[in-house]
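The values are calculated or read from the model by the stated rules, or taken from the named source; none is laboratory data. This is a predicted model, so every value here is computed, not measured. Cβ placement follows ideal geometry from the backbone for every residue including glycine, while neighbour counts extend to all protein chains displayed. With ligands, DNA and RNA removed, areas are computed over all heavy atoms of the protein, side chains included. Shrake-Rupley method; radii C 1.70, N 1.55, O 1.52, S 1.80 Å.
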Amino acid sequence: MELLYDWLVVGGGIHGCTIASFLLKKEKVKVERLCIIDPHDEPMYSWKKNTDTIGMEYLRSPFVHHIDVDPLSLQKYARKENWERRHFYGNYRRPSLNIFNEHSESIVNEVGLQRSWQKGFVHSIEKEQGFWKVTTEKGEAVKAQNIVLSIGLNNQLNIPDWAEELKSDFPAQVFHIFEDRMVHPSSLQPPIVIIGGGITSAHLTIKLSGMFPGKVILLKRHPFRIHDFDSDPGWLGPKNLTSYHKVTNYEERRMKIKQARNKGSLTRDLFYKLKRLEREKKIQIIDGEVESMFSAGNQITLIVGERAIKVHTILLATGFSPSLPGKNWLNQLIIDLKLSCAKCGYPIIDKSLQWCPHLYVSGPLAELEVGPIARNISGARHAAERIVNSL
């Protein structure tokens, strides 16, 4: 039997949970009239798994960015738990991963999100008799009046061409760190090379240097790019957004987003930690690109400029491909409903983040309207506020 909901959120990561939390707390929907479809057993599964894998201790974003409605909610939670001093770092009071996750769990429990949870992969979305019909890969169908697509880029791993071949030849030695089959770091065989120059590779290098001191190499294409955040805080409000919204050409907006993002960057504290570990000879840092490689037995040799780097394990901290998420089912929806897209393939949406009546987006899908912060936790809050305030 098909169930009919008032609201259906596709994706139960930070974005989906933020949207759901705002809808419930602002009394736009009751928990039994809300459905969240996600491939995992619990809210924010990929976030927890990925941040645990790389050993993140503190978030990059400040304490006011989280899944609850009240910006000071996380700070109040820390105060109540007597954790305020220990769990915030630096001038921007960046929260520890532990307290961020505990606070998120408290909000999930408070609003009863598990009661709205439905595990499943979306197979198709169509409009049927004025309602949205979502069918999962198992053939289960859910109907709703309103739908929010809160999907990210997690399934679109960016793997360099040279690594594709190695991955198929050495499946137990070459991993993208966010792939599902990534093993627990403790079972990795050194020497290990980590490919990437951004915040993810920095966290991972610091974590593995403690497990395999002297046997970890960080290989990056560019000099370290040091930035507090992955885009200027001016993008959170009118300072940058006012002029951005005056731009009506979407190719120009896409260019502005690309220019505004501090891609492949890391925070100053992580940079100092890496340099200290390098001085202590616990890690090596090499600048350059893999030009060729060869193998003998289980040993892989990477040729980088004049150097031959002999390793056993290769970990790719090379991020995600920016192509349209969910395209296996989203492309069909775009065709069926003649939905507006820019040249880059991403949605052209209105100020309330509606792509067409009763179909909303957040996360990467909303970036041509929300701007460079769209994918972040701040972008999730921004999207939730826009959607809820338009109702």
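Loop-resident GluC sites (Glu not before Pro) (DSSP state other than H, G, I, E or B) in segment 1-78 with no more than 14 further Cβ atoms inside 10 Å of their Cβ: Glu2, Glu27. With the simple model of a label 7 Å out from the Cα in the direction of the Cβ, Ala308 to Cys341 spans 4.7 nm.
How far, in degrees from 0 to 90, does helix 97-111 lean away from the longest principal axis of the Cα atoms of the chain, to the nearest 10? Its long axis makes an angle of about 20 degrees. If R0 is taken as 22 Å, the Cβ-Cβ distance between His40 and Glu110 corresponds to a FRET efficiency of 0.60. For segment 242-318, the gyration tensor built on C-alpha atoms gives an oblate shape. Its axis ratio a/c (a ≥ b ≥ c) is at least 1.5, and a/b is not larger than b/c. Sorting 276-288, 240-252 by their mean Cβ neighbour count within 10 Å, with the most densely packed peptide first, gives 276-288, 240-252. Note on Asn298 and Ala172: the extension gain reaches 44.4 nm, defined as 0.36 nm multiplied by sequence separation minus the Cα-Cα distance.
Apolar share of the accessible surface for the chain: 49 percent from carbon plus sulfur atoms, 1.4 Å probe.
What's the center-to-center distance, using Cα atoms, between segment 95-167 and segment 319-376 in Å? Each part's Cα centre sits 15 Å from the other's. Need one word for segment 91-162: rounded, prolate or oblate. Basis is the Cα gyration tensor (sqrt eigenvalues a ≥ b ≥ c); a/c below 1.5 gives rounded, then a/b vs b/c decides. It comes out oblate by the Cα gyration axes. Once C-alpha pairs closer than 8 Å and six or more residues apart are averaged by separation and normalised to the residue number of the chain, the relative contact order reads 20 percent.
Since only Pro39, Phe320, His358 are under comparison, the one whose Cα sits farthest along the positive direction of the charge dipole of the chain, derived from C-beta charges on Lys, Arg, Asp and Glu, is Phe320.
Judged by the mean number of other Cβ atoms found within 10 Å, the most tightly packed of the peptides 363-376, 199-212 leads the ranking 363-376, 199-212. Other residues with beta-carbon under 13 Å from the beta-carbon of Lys281 carry, at +1 per Lys or Arg and -1 per Asp or Glu, a net charge of +3. Across segment 40-54, computed HN-Hα scalar couplings (Karplus, 6.51 cos²θ - 1.76 cosθ + 1.60, θ = phi - 60°) run 9, 6, 9, x, 6, 4, 5, 4, 5, 5, 5, 5, 5, 4, 8 Hz from first to last residue, x flagging Gly and Pro. Taking all protein chains into account, the per residue accessible area for segment 267-357 stands at 54 Å² (1.4 Å probe). Rounded to 0.05, the FRET efficiency of the Met255 and Leu157 pair, given R0 = 22 Å and the Cβ-Cβ distance, is 0.30. Considering helices alone, the calculated mean residue ellipticity of the chain at 222 nm is -9500 deg cm²/dmol, with DSSP H runs of length four and up weighted by -39500 (n - 2.57) and normalised per residue. Of Tyr92, Tyr58, Tyr5, the order by accessible heavy-atom surface (1.4 Å probe, DNA, RNA and ligands excluded), from most exposed downward, is Tyr92, Tyr58, Tyr5. Apply the a/c threshold of 1.5 to the C-alpha gyration tensor of segment 29-184 and tell me whether it is rounded, prolate or oblate. Oblate, because a/c is 1.5 or more while a/b does not exceed b/c.
For the pair His184 and Lys263, a Förster radius of 35 Å applied to the C-beta separation gives a FRET efficiency near 0.75, rounded to the nearest 0.05.
On a per residue basis, segment 30-137 carries 51 Å² of accessible surface, using protein heavy atoms and a 1.4 Å probe.
When the dipole is taken about the Cα centre of the chain, and only Lys, Arg (+1) and Asp, Glu (-1) are charged at their Cβ, what size is it in debye, to the nearest 20? It works out to roughly 1160 debye.
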